[in-house]
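The values are calculated or read from the model by the stated rules, or taken from the named source; none is laboratory data. All values derive from a computational prediction rather than experimental measurement. Cβ placement follows ideal geometry from the backbone for every residue including glycine, while neighbour counts extend to all protein chains displayed. Just so you know, the surface numbers come from the protein's heavy atoms only, side chains and all, with ligands and any DNA or RNA stripped out. Shrake-Rupley method; radii C 1.70, N 1.55, O 1.52, S 1.80 Å.
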2 protein chains.
Amino acid sequence: MDGNTSIWSSDNYDPESIKLCVKKLKEEFGQQFSDSQSILEQHTHTMTIHESELPNGVVFVETKEDVQKVVNICNEYKCPIIPFGVGSSFEGHLNAPFGGISIDMNNMDKILKVYQDDLLVVVQPGVTREQLNKYLRYTGLFFPIDPGANASIGGMTATRASGTNAVRYGTMKDNVIALEVVTPDGQIIKTANKARKSSAGYDLTRLMVGSEGTLGITTEITLKLYGIPEVIAGGRVSFPSVKDATDAVIMTIQAGIPVARIEFMDIAQVKAVNDYSKTNLPEAPLLLVEFHGSQSSVDEQSELFGEISSDFGGKDFEWTSNNEDRNKLWKARHDAYWSCRAVRPEAELYSTDVCVPISKLSDCITETIEDMEQNELIGPIVSHAGDGNFHVALLIDKNNKMELDKLDEFLVRISERAIKMHGTCTGEHGVGQGKRKYMLKELGNAVNVMKKIKEAFDPHKIMNPGKLFL
Amino acid sequence: MDGNTSIWSSDNYDPESIKLCVKKLKEEFGQQFSDSQSILEQHTHTMTIHESELPNGVVFVETKEDVQKVVNICNEYKCPIIPFGVGSSFEGHLNAPFGGISIDMNNMDKILKVYQDDLLVVVQPGVTREQLNKYLRYTGLFFPIDPGANASIGGMTATRASGTNAVRYGTMKDNVIALEVVTPDGQIIKTANKARKSSAGYDLTRLMVGSEGTLGITTEITLKLYGIPEVIAGGRVSFPSVKDATDAVIMTIQAGIPVARIEFMDIAQVKAVNDYSKTNLPEAPLLLVEFHGSQSSVDEQSELFGEISSDFGGKDFEWTSNNEDRNKLWKARHDAYWSCRAVRPEAELYSTDVCVPISKLSDCITETIEDMEQNELIGPIVSHAGDGNFHVALLIDKNNKMELDKLDEFLVRISERAIKMHGTCTGEHGVGQGKRKYMLKELGNAVNVMKKIKEAFDPHKIMNPGKLFL
């Protein structure tokens, strides 16, 4: 198999058969089925500039048996299935390029069991992260992964999501203990038991995490939980240059400071925040940090970080373990998204992300800023700097063909830049449709191995076709 | 496919063809090939009571191209290949039940590059963990995973090894960033780039980690490194009961104390140590702890742990951050293996491990001790208690059929006990030949999915056949 040869083809799907499948699902699911135009549009309207490609129908599943039934019927008619959570994907994961059925998981939103002593929780995929943490409030435990959006746990699992505190708590790959999955042939499997570790066979849990709905549909997720930290301290400090800021990050990690969040903002992002939030932050690269632990531990971490940042020219490091003051210090980060939008209110915001070894973060960000300047693109940058991951929030007029072309070319360059620096074209957004074309450049013939896995799991290619690789 | 139907069969392999393959390899590899009886025996003499099943020849590879050549030749003759590291496997991973070639990785022992700023190192699979840490000495960095034996990094990757400090630093699945692998069809792939996280496609890295040489042969491994802690404190405390000890462990984790090691010993193990090391430890369940951090942080962690252990009846908690004194406190743990052997010097030591949710650890250990008492088996217990993982070091007279039968029955019961408690039949030793029969009970029809993956990767089943599942 050649990595360049697409396994996706409209020849795999017969429109007449898909129509029959839709008819059958309508009969079987009644009120749980819809093919109204607005519902179809809702199910591909995602936070992306990829054009919507509508499914032929939507099934609102309520149980794993519903999921199994949809899969079995779709299998019979070789009809594509696209799992849908809250629709916060950036990369066109939810489109239906070959038609088919969107399977809406939002009604599978039960928190099934908290195992307090084991620091585990079992949830259905439609549970959102905010819902989960609200539910856990009185247990003293929390689920740390925070990709920004109030995403569904199923969607976060499918895209291997992470976010601001991955530097301390890891990504979804580190926090999913086990999954229950309906496989493309309609079987229900569990990928692991509830032990914290196991060496019993292939790691199907990790294979499913990040598989973007192409290998099966998750119906139950067992997650790790953590004790809510006794004290949370937050801080903020400006640096003379991008390099100084990232050097401070590298030193912080090397020194073993267990920083919970360490977020970078470039000058454009700081300016955007100043304008939007009426603040007076120095117009310079900014780091925002958060420390979790006991009072004396966060005091020590904050002081150590203060010393390190000062070694790299960090100015006026402010920090506090008072919640209200901490929120004020972190306001710049909380307002990042809306402040970007306000830079160019008429534009669409297209967010892309790459991730590089941390030693290359400064180069990658600096070259990307220069690239945007040269090409007259506006894209404030926020970075989960401890992981070497950064986002560019490009503000694009969708109706301006030239801008769209410039965006396309920029996206190729930033991905190739990250790959050249031994990084990845996507740190946490997933591949979907948007990043497929970089997979071969990033991973070479390993993509063929992925295709083999796909074909072994799903010979009729009914699960979310057209995603993840060409 | 039925989970009970074995995919392994001697019909897949033609002894005549294997002979021709051996001849060809001998010609191609000259001095790097051996089929002397003693070399063949060495390559299946592992730390296990499984009977040796010899390969037909051993190739000592030196480069990835050598590996590729062996795989291509073995493919041509449909000849099994069994990767060999230092031979510290417990579960018969290195046996050649269908004959074939042992591929000895020990000469691929180069540490290729340390990325100081990125806290990464790239090594060949024959590098051992002690060799790696010795090499890293002057960098201020270390590689934490410590399965006890001076295992090869390749072997640790293949079995998803962990050990005493997995509670803080994770297992091999958490610390392998990327792999270079020769696939069963002779291609060289890399599973990921060097970014700390990525959501670019299927997680081939994690699929390979723990695949026990059945999906390919690792030729390069990129590992995470950590800053050597400024201070290491160690402590020791005895408890009235197993339950009190494990409750103290649960509370320690829930309190968010970032304990680096938290090891449990049952009374039999403590007695064994007292006898062997001439110590006077109370004959009671024992916890040994280790804390990493700054002086004030380890002081705080130690004090907090002292309070928690005292809440659960812990007596005479001693701790120190002086290296020499810490080694004295931890002597019981360091002497565990040899003290077990001394309990019954004429016996073989057969080590088995299971892992359960931490809330079940006390029950699982207690029932296992009662089981051994009822069946007159001797097996001191050591547990990586923070993970819910424990080892029984069974002392067995190999020449006594009745004892061997009792051992076999015990191994079934302990595995089934762990699985019933939502745990796993193997926390860190892997499946190999020894635990294959429990896979279906533990993972049900997920085993079929594993078999599908195996067949997609390796249709001729040349890679380490007869391991991992029936």
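Numbers for the structure displayed
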item	result
Angle in degrees between helix A:15-29 and the longest Cα principal axis of chain A, rounded to the nearest 10	90
Segments A:454-461, A:181-188, B:322-329, A:123-130 sorted - mean Cβ within 10 Å per residue, highest first	A:123-130, A:181-188, A:454-461, B:322-329
Cα→Cβ-extended label distance, 7 Å offset, between B:D14 and A:K315, nm	7.9
Exam field: A:K420 pseudo-label spacings to other copies (7 Å along Cα-Cβ), nanometres	6.2
Nonlocal amide H pairs with A:S89, under 5 Å, H built at 1.01 Å	A:M47
Karplus-derived 3J(HN,Hα), 6.51/-1.76/1.60, for each residue of segment A:273-285, Hz, glycine and proline x	5, 4, 5, 6, 9, 6, 10, 10, 4, x, 7, 8, x
Segment A:215-362: Cα Rg divided by the 2.2 N^0.38 Å rule of thumb	1.15
Degrees separating the helix A:401-420 axis from the principal Cα axis of chain A, which is the longest one	80
Share of alpha-carbon pairs per 10 Å distance bin for segment B:33-131, given as whole %	16, 42, 30, 10, 2
Ordering of A:290-299, A:378-387 by burial proxy (mean other Cβ atoms within 10 Å per residue, highest first)	A:378-387, A:290-299
Distances in nm from A:E324 to the matching label points in the other copies, shortest first (labels 7 Å along Cα to Cβ)	5.5
Partners for A:K328 among aspartates and glutamates (Cα-Cα distance below 17 Å; same-chain residues under 8 apart left out)	A:E263, A:D275, A:E290, A:D316, A:E318
Residues of chain A: accessible area per residue with a 1.4 Å probe, Å²	36
Antiparallel content of DSSP bridges confined to segment B:1-143, in %, to 5	45
Non-local Lys pairs in segment B:338-470, i.e. 8 or more apart or on different chains, that have alpha carbons under 14 Å apart	9
Residue-by-residue Karplus 3J(HN,Hα) for segment A:222-228, coefficients 6.51, -1.76, 1.60, Hz, glycine and proline x	9, 10, 6, 10, 9, x, 4
Expected 222 nm ellipticity per residue - DSSP helices of 4 or more, -39500 (n - 2.57), all of the protein assembly as shown, to 500	-10500 deg cm²/dmol
B:L281 versus A:S6: modelled label distance in nm, points set 7 Å from Cα along the beta carbon direction	6.4
Computed label-point distance, nm, for sites B:Q37 and B:Q116 using a 7 Å Cα→Cβ extension	5.4
Chain B: Cys lacking any partner C-beta under 4.7 angstrom	B:C340, B:C355, B:C364, B:C425
5 angstrom amide H check on A:T219, placed H, neighbours 5+ away	A:E180, A:V181, A:V182
Spatial separation of Cα centroids for segment A:44-96 and segment A:1-41, in angstrom	9
Karplus (6.51, -1.76, 1.60) ³J(HN,Hα), θ = phi - 60°, over segment A:239-256, in Hz, Gly and Pro reported as x	10, x, 8, 4, 4, 4, 5, 6, 5, 5, 5, 4, 5, 4, 5, 4, 6, x
Within-11-Å neighbourhood charge of A:S310 [Cβ basis; K, R +1; D, E -1]	-4
Share of alpha-carbon pairs per 20 Å distance bin for chain B, given as whole %	24, 55, 20, 1
A:N375-B:M402 FRET efficiency (beta carbon distance; Förster radius 60 Å; 0.05 resolution)	0.15
Test item: B:220-232 mean partner chain Cβ contacts at 10 Å	1
Whole-angstrom gap from segment A:127-199 to segment A:404-470, using each part's C-alpha centre	23
Peptides ranked, highest mean first, by Cβ atoms within 10 Å: ranges A:110-120, B:333-343, B:206-216	B:206-216, B:333-343, A:110-120
Label geometry 7 Å along the beta-carbon vector: B:T63 inter-copy distances in nm	6.2
Kirkwood estimate for the protein assembly as shown, i.e. one over the average of 1/r between Cα atoms, Å	28.8
Chain A: angle of helix A:446-457 to the longest principal axis, Cα-based, in degrees nearest 10	40
For residues of A:419-429, the mean tally of beta carbons on other chains within 10 Å	5
Counting DSSP beta bridges with both ends in chain A, the antiparallel % (nearest 5)	85
FRET E, pair B:I228, B:K23, Förster distance 56 Å, beta-carbon r, rounded to 0.05	0.65
Extension gain from B:E51 to B:Y138, taking 0.36 nm per residue of separation minus the Cα-Cα distance	27.0 nm
Shielding of A:172-183 by partner chains, average beta-carbon count, 10 Å	2
Size of the A/B contact, given as accessible area buried on both chains, probe 1.4 Å, in Å²	6500
